[in-house]
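The values are calculated or read from the model by the stated rules, or taken from the named source; none is laboratory data. Quick caveat, the model's predicted, so the values are computed rather than measured. Here the Cβ is made from the backbone with ideal geometry for all residues, glycine too, and neighbour counts use every protein chain on show. Note: areas computed on protein heavy atoms with side chains; ligands, DNA, RNA excluded. Shrake-Rupley method; radii C 1.70, N 1.55, O 1.52, S 1.80 Å.
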Amino acid sequence: MLTGFILAAGFGTRLKPLTGRAPKALIPVCGKPLLQRALGFHHCREIARIGVNSHYFPERIESFRQQSSIPFRLFHETEKIRGTGGAFYFARDFLSEGKAFFCSNVDIIACISIGELYERFMASQCMAGLVAVPVAGKGSIYYDTLTKEYRGAATDPDADGEAADFIGMAFYKKEFLDIITPEDFSIVPVWKRAREMGHPVKIIEAGSAYWKDVGTPRALAQIHFDVLEKKLSLSAPEELTIDFDNKRAYPKAFSSKEISRIGREVWCEASSVPEGVFLERCVVMDKAEIPLREHISNTIITPWGEIEIV
């Protein structure tokens, strides 16, 4: 059985000012925190236990853990944030309990089958399997399309081969932990070290699977719009009506007058829409107060203020 590990320690600087109030792992996407969605994604028959690392706003993550319906082990990085390599070293005893482990970034939303990709990883006879999708133009990693061997990251001047996008998910044999040192931070140099030591690192192709890195306000908003476009299926709070025909979501308690104030591409979780306001291409988070303006568009409205979608 696999061990699951969710990287949730990051500061989420690209999502400021949202992450000035909460850790990135608890930023809501379609009404549910990223960490809750990541736990649901990991909670499958192939994964026996789940670990999560934390650093920023640790008390908020601990509070979430105590209330989570899906149990997980928390690895709090107290003195400093450790990066992926350091996180693996810090949690190495937990990660080595199974023959392999699956890791994903907390801010990745993807439509893939862990079980199917795990079978391909085990059949590939490699120590690390990086989940990637095709890309037109420059990608984040390069690989040999015949052997599926990883040939380097985009930041590596010696990298060659076919470009692909690494989607922030990977499988590792537990032996991979033996080549990680206490000084490691980024995982990219560890991939290179593994190759140099003769340990295969390969690409596990996910085809044209939907995925998105929810690292910016634009990407955060786009996830909501993609759900309304039926490009992606995500569970939503039961109190919301999802109107796919008009590409909008709003509380079931809304009156017909309030519904008339909502245009297309709107995900609204607010308890009301003030009279005289019209929303279009907006995400309105729970407990947010909608400002009194005649027309609001291209905006994420949060309990702490507005963020322009650019």
Only listed residue being within 28 Å of Glu205 (Cβ to Cβ), touching a residue at least 40 places away in the same chain (Cβ under 8 Å), open to solvent by less than 50 Å² (accessible area, probe 1.4 Å) and in a loop (DSSP other than H, G, I, E, B), chosen from Ile112, Ile81, Ile6: Ile112
Specify which of the listed residues (Phe72, Phe64, Phe90) is open to solvent by 30 Å² or more (accessible area, probe 1.4 Å), more than 25 Å from Trp191 (Cβ to Cβ) and of a type in the set (Phe, Trp, Tyr). Phe64
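Okay, residues lined up against (1) within 30 Å of Val283 (Cα to Cα); (2) without any contact (Cβ under 8 Å) to a residue 60 or more places away in the chain; (3) under 18 Å from the mean Cα position of the chain (by Cα):
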position	(1), (2), (3)
Ala25	yes, no, yes
Gly31	yes, no, yes
Leu35	yes, no, yes
Leu39	yes, yes, yes
Gly51	no, yes, yes
Phe102	no, no, yes
Met122	no, yes, no
Met127	no, no, no
Lys138	no, yes, no
Consider Leu74 against the criteria (1) outside any loop (DSSP other than H, G, I, E, B); (2) touching a residue at least 40 places away in the same chain (Cβ under 8 Å): it satisfies all of them except one. Which criterion is unmet? (2)
State whether the residues of region 266-283 include one that is open to solvent by 40 Å² or more (accessible area, probe 1.4 Å), within 20 Å of Leu15 (Cα to Cα) and either modelled with pLDDT of 95 or more or in contact with a helix residue (DSSP H, G or I) (Cβ under 6 Å, 6 or more places away or on another chain) (or both). yes
For Tyr118, which of the numbered conditions (1) open to solvent by 50 Å² or more (accessible area, probe 1.4 Å); (2) more than 17 Å from Ile179 (Cα to Cα); (3) aromatic (Phe, Trp, Tyr) fails to hold? (1)
Please go through region 284-310 and pick out each residue that is in contact (Cβ under 8 Å) with a residue 40 or more places away in the chain, open to solvent by 60 Å² or more (accessible area, probe 1.4 Å) and either in contact with a helix residue (DSSP H, G or I) (Cβ under 8 Å, 6 or more places away or on another chain) or assigned to a strand (DSSP E or B) (or both). Trp304, Glu308, Val310
As an exercise: evaluate His199 against (1) open to solvent by less than 50 Å² (accessible area, probe 1.4 Å); (2) within 30 Å of Gly129 (Cβ to Cβ); (3) part of a loop (DSSP other than H, G, I, E, B) and give the number of the one condition it does not meet. (1)
Of the residues that sit in region 236-261 and are touching a strand residue (DSSP E or B) at 6+ places or on another chain (Cβ under 7 Å) and farther than 24 Å from His295 by Cβ, which one is least open to solvent (accessible area, probe 1.4 Å)? Ala236
